[in-house]
């Protein structure tokens with residue numbers, strides 16, 4: 001068994017783990033990222049919409065509301081400074097019936113109180129003038145929403161980490177971690193070899209596996225580990241540029257933000273994610289969900305050709321509330337109050353984690369010495 005000692009070990013090389021590692025490395029810390037996969041961000045970070053969110057939907061005083069508006073501004077600044085491909089497309093949130101107008105008002109007020117800038121109320125005619133395929137009775141225009149090339153963003157974060165002496169250990173599996181003399185003793189396996197790693201700081205940024213990873217911390221009271229529920233998000237793709245230039249979101253319901261119209265960097269249209277609660281990690285998109293997708297999409301794009309819809313990709317969102325229990329927030333658990341310094345667990349890290357990644361990194365790094 002070999003030994004290595006680092007200032008900080010981060011478990012998980014998704015977009016949030018990379019952002020945290022980047023910040024720590026820039027502060028001069030010796031950083032190691034442990035990643036089970038053979039590349040960065042291949043589990044969840046590469047299976048989302050790639051949207052730069054404005055922060056419209058999140059409850060006041062939630063961590064999501066705290067992080068997202070500032071994260072939005074920081075993301076654009078970072079992408080410009082590093083030439084990361086992105087587009088500030090703007091977004092329309094559309095009410096397709098009169099009984100949804102009241103919900104638009106709630107969203108508008110919530111967004112204003114959260115610090116979302118320049119959101120404005122628009123008429124259905126205005127939306128249809130700008131986006132002729134979209135039909136609605138009223139809408140909200142959110143100019144700060146956009147899209148980013150997620151893979152390019154993560155590669156840029158990784159470049160910053162490596163430029164500051166940090167590194168990723170791929171195909172490396174956490175076995176367990178213990179605590180001795182204020183030093184974390186982390187046992188990992190790589191190529192069937194057990195390796196002991198020592199670290200002054202330990203950060204669990206393993207996304208959908210955060211609960212599982214935390215249960216392998218031998219020193220941690222299991223009552224501090226929240227239950228994680230899996231909400232699968234499926235996408236259907238069109239493979240076509242339909243001439244739509246903005247993100248289009250229907251009025252959300254309690255379960256999700258609705259089947260929104262997303263765009264990739266080539267302006268190709270896709271729809272999703274939906275919400276499919278599941279107990280297992282399975283990324284197959286069930287073609288039988290096409291009916292539900294079409295029935296939702298046709299409400300705001302009546303002319304959509306159903307034959308365009310093809311099963312695309314899916315991702316798993318880790319949520320801390322189960323189906324029907326309401327909105328799930330982030331949980332960033334610093335367990336100093338339990339007598340353990342420099343341990344951070346990040347639970348329920350879903351959207352808008354990508355948008356907020358730089359701000360989350362600042363927040364986490366302020367919690368450790």
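For the reader, a short list of remarks on this structure follows.
- Of all residues in the stretch 91-115 being in contact with a helix residue (DSSP H, G or I) (Cβ under 9 Å, 6 or more places away or on another chain) and closer than 17 Å to residue 147 by Cα, the one that is surrounded by the fewest Cβ atoms within 10 Å (Cβ to Cβ): 92
- Some residue of the stretch 11-22 being assigned to a strand (DSSP E or B) and in contact with a helix residue (DSSP H, G or I) (Cβ under 8 Å, 6 or more places away or on another chain): yes
- Conditions (1) modelled with pLDDT of 95 or more; (2) under 26 Å from residue 243 (Cβ atoms); (3) within 26 Å of the chain's Cα centre (by Cα): number failed by residue 73: (2)
Here's the yes/no breakdown for (1) at negative phi; (2) surrounded by 22 or more Cβ atoms within 10 Å (Cβ to Cβ); (3) within 23 Å of the chain's Cα centre (by Cα):
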site	(1), (2), (3)
131	yes, yes, no
155	yes, no, yes
160	yes, no, yes
164	yes, no, no
167	yes, no, yes
175	yes, no, no
182	no, no, no
187	yes, no, no
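- Counting only helices (runs of 4 or more DSSP H) that sit wholly inside the stretch 53-152, those with at least 2 residues that are in contact (Cβ under 8 Å) with a residue 60 or more places away in the chain and not assigned by TED's automatic domain parsing to the domain that holds residue 40 are 63-82, 101-114.
- Residues (touching a helix residue (DSSP H, G or I) at 6+ places or on another chain (Cβ under 8 Å) and surrounded by 21 or more Cβ atoms within 10 Å (Cβ to Cβ)) located in the stretch 318-332: 318, 330
- Test result for residue 9, at negative phi, more than 15 Å from the chain's Cα centre (by Cα) and modelled with pLDDT of 95 or more: yes
- With respect to being under 23 Å from residue 58 (Cα atoms), out of contact with any strand residue (DSSP E or B) (no Cβ under 7 Å at 6 or more places or on another chain) and without any contact (Cβ under 8 Å) to a residue 12 or more places away in the chain, residue 325 fits the description.
The values are calculated or read from the model by the stated rules, or taken from the named source; none is laboratory data. Just so we're clear, the structure is a prediction, and the values are computed from it rather than from any experiment. Methodologically, a virtual Cβ is constructed for each residue, glycine included, from the backbone with ideal geometry; neighbour enumeration extends over all protein chains shown.
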